[in-house]
Amino acid sequence: MKIFTAKQLQELDAYTVRNEPIESYDLMERAATAMTKVLLSRFGEKRKYIVFAGPGNNGGDALAIARMLAVKGATIDAYIFNTGKRISENCAANVTKLSGMKTVRVTEITKQFDLVPLSADDIVIDGLFGNGINKPLAGGYASLVNYINAQDATVVSIDVPSGLMCEDNTFNVLSNVIRADITLSVELPKLSFFLPDTGHLAGEVINVPIGLSRKYIDINKTPYTTQSPEDVAPLLMRRDAFGHKGVFGHGLLIAGSYGMAGAAVMAARAAMRSGIGKLTVHIPSSCLDIMQISVPEAVLSIDSGLKYFTRAENAVTYDAVAVGPGLGNFHDTATALIEEVRNCPRPLVIDADGINILAEHRTWLSQLPRNTILTPHPGEFARLIDSKLSGYAALEAARNMAMKYQFYIVLKGHYTAINTPTGHTFINCGGNSGMATAGSGDVLTGIILALLSEGYDAGDACRLGVAIHSLAGDMAAAELSQEAMTASDIVSHLPGAFLRLHELQRQAHSSNNPHQ
């Protein structure tokens, strides 16, 4: 699903009005009808709804919803904020219609607003400001937002929580943004819903289709696209029924150091659970017994160093290479790392301490092969760019780095972002906070290594790897709870994740070939 900018969303509305054609008021009615249906299915008609409507079209949406809920028998208190006395035409039309209903209490605020009591049983409809806002809320509106946020009522925002900008909130005052329990996003999601500093403000996001122009959506480009399991299932390759282990690839994993053998174990187990034919793990001799016992399926290559990686391996005989989990950050390791990766002839993944070493030797980035995959978590990425950025700024920095160096930057998080050399970013919809546990990133490295070894190109390996990782994490959380999960549980649920993708692939094939 595409993620458009605020400007594109406004153009999409206008394009629909011009080309359907449809009057803008009728389009508002269509949106309100769709959102009312969602509210009734979630909360029913026997509830009290407190509607806060601004003077623009977002307020018009909220008032139209209030009218439709009232027709169904809901109790409605509506407050229209028109302090600047510049109410939009569509909003004014909805004020008139709502005011004519005897069962609805309508209050227009032109000066001071006396705060109304809100109970835990109330449903607040937030229609103060929509996707056109471009500066932080202040004054009376900020006070109102803070009051609503302090109450126990359930808050449902129309299209976007009031005060939240659709993309860049770097200079926003986030304390003056509505904290929604549910956001009814019109047609498409907003980028800020997926960012770590702002996503929580949207609560549960429900995309509500209202029939906006499919032609506009199809022909207009955006750097951001979401991906779901349904989106990536077609990427899964058919396995050769007569294949042997050589057909399914031989991967090299360089990982582990004294006291950090577990990272190598997690990555190796994940690779072995992700379809690879053969895996060689290059480790220091101190990790030998642990690896031999923990991953008996793996072939071991022993480094000349006792406690850490000191010698580059010849990667020519392998199909893909991953380096980094648990390596440590030693001088000899750094020297061996750049020797290993500088002229690596095979698809390459760098994670964890591999990234930390590069952060201390940034000039080495330009020596890495094109299409190298880096998989940093936010802390590692901050070290890599020598700047602690968050939200939109961090995502843009990752996207720009991917284009500059022609890398894939897999920026891990609740919504992991796969930044490609072409400047396109896929945002993965899946995963949970139970995956925020030691070793989870090592598991992802192992999955991607296996996929590269099997012959997937770097882009598909990143997209599939992230999706499989998050699916397994969600399955583990469903069975064990987020609190009780470990990285090993993610590995244990990889078979279920693959089975789910195969099921989705079969369903898609059946729907495309109904007579088969």
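The values are calculated or read from the model by the stated rules, or taken from the named source; none is laboratory data. The model shown is predicted, which means the values in this text are computed figures rather than measured ones. Note that we place each Cβ from the backbone using ideal geometry, even for glycine, and neighbour counts take in every protein chain shown. Quick note on the areas: whole protein, heavy atoms, side chains included, nothing else; ligands and nucleic acids left out. Shrake-Rupley method; radii C 1.70, N 1.55, O 1.52, S 1.80 Å.
Put simply, of ASP159, ASP152, ASP168, ASP181 the only residue that is in contact (Cβ under 8 Å) with a residue 40 or more places away in the chain, of a type in the set (Asp, Glu) and open to solvent by 40 Å² or more (accessible area, probe 1.4 Å) is ASP168. For segment 260-281, which residues satisfy the criterion of being surrounded by fewer than 24 Cβ atoms within 10 Å (Cβ to Cβ) and in contact with a Ser or Thr (Cβ under 6 Å, 6 or more places away or on another chain)? Listed by number, the list holds a single entry, THR280. Within segment 266-282, the set of residues being assigned to a strand (DSSP E or B) and of a type in the set (A, V, I, L, M, F, W, C) comprises LEU279, VAL281. Within segment 283-391, which helices (runs of 4 or more DSSP H) (wholly inside it) include 2 or more residues that are open to solvent by less than 20 Å² (accessible area, probe 1.4 Å) and over 17 Å from MET260 (Cα atoms)? In segment 283-391, 331-342, 353-360, 378-385 are the helices (runs of 4 or more DSSP H) which contain 2 or more residues that are open to solvent by less than 20 Å² (accessible area, probe 1.4 Å) and over 17 Å from MET260 (Cα atoms).
On inspection, ASP218 passes the criterion of being without any contact (Cβ under 8 Å) to a residue 12 or more places away in the chain and open to solvent by 50 Å² or more (accessible area, probe 1.4 Å).
Restricting segment 192-212 to residues that are touching a residue at least 24 places away in the same chain (Cβ under 8 Å), assigned to a strand (DSSP E or B) and aliphatic (A, V, I, L, M), which is least open to solvent (accessible area, probe 1.4 Å)? Ranking the qualifying residues of segment 192-212, first place goes to VAL208.
Condition check: open to solvent by less than 60 Å² (accessible area, probe 1.4 Å), in a helix (DSSP H, G or I), touching a Lys or Arg at 6+ places or on another chain (Cβ under 9 Å) and on the phi < 0 side of the Ramachandran plot. Does VAL232 satisfy that? Here the answer is yes, as VAL232 does meet what is asked. The conditions are (1) of a type in the set (A, V, I, L, M, F, W, C); (2) in contact (Cβ under 8 Å) with a residue 24 or more places away in the chain; (3) not in a loop (DSSP other than H, G, I, E, B), and VAL247 fails exactly one of them. Which is it? Answer for VAL247: the failing condition is (3). Which ranges mark the helices (runs of 4 or more DSSP H) fully within segment 393-510 that have 3 or more residues being out of contact with any Gly (no Cβ under 6 Å at 6 or more places or on another chain), open to solvent by 20 Å² or more (accessible area, probe 1.4 Å) and modelled with pLDDT of 95 or more? Helices (runs of 4 or more DSSP H) meeting the threshold: 458-480, 487-492.
Can we say ASN94 is under 25 Å from LYS48 (Cβ atoms), polar (S, T, N, Q), open to solvent by less than 70 Å² (accessible area, probe 1.4 Å) and touching a residue at least 60 places away in the same chain (Cβ under 8 Å)? Taking the combined requirement at face value, the residue satisfies it. The criterion of being without any contact (Cβ under 8 Å) to a residue 60 or more places away in the chain and aromatic (Phe, Trp, Tyr) holds for PHE113. One residue stands out among those in segment 50-87 that are touching a Phe, Trp or Tyr at 6+ places or on another chain (Cβ under 6 Å) and under 20 Å from LYS102 (Cα atoms): the one that is surrounded by the fewest Cβ atoms within 10 Å (Cβ to Cβ), which is TYR79. In segment 272-287 there is no residue that is within 30 Å of LEU184 (Cα to Cα) and among the hydroxyl-bearing types (Ser, Thr, Tyr).
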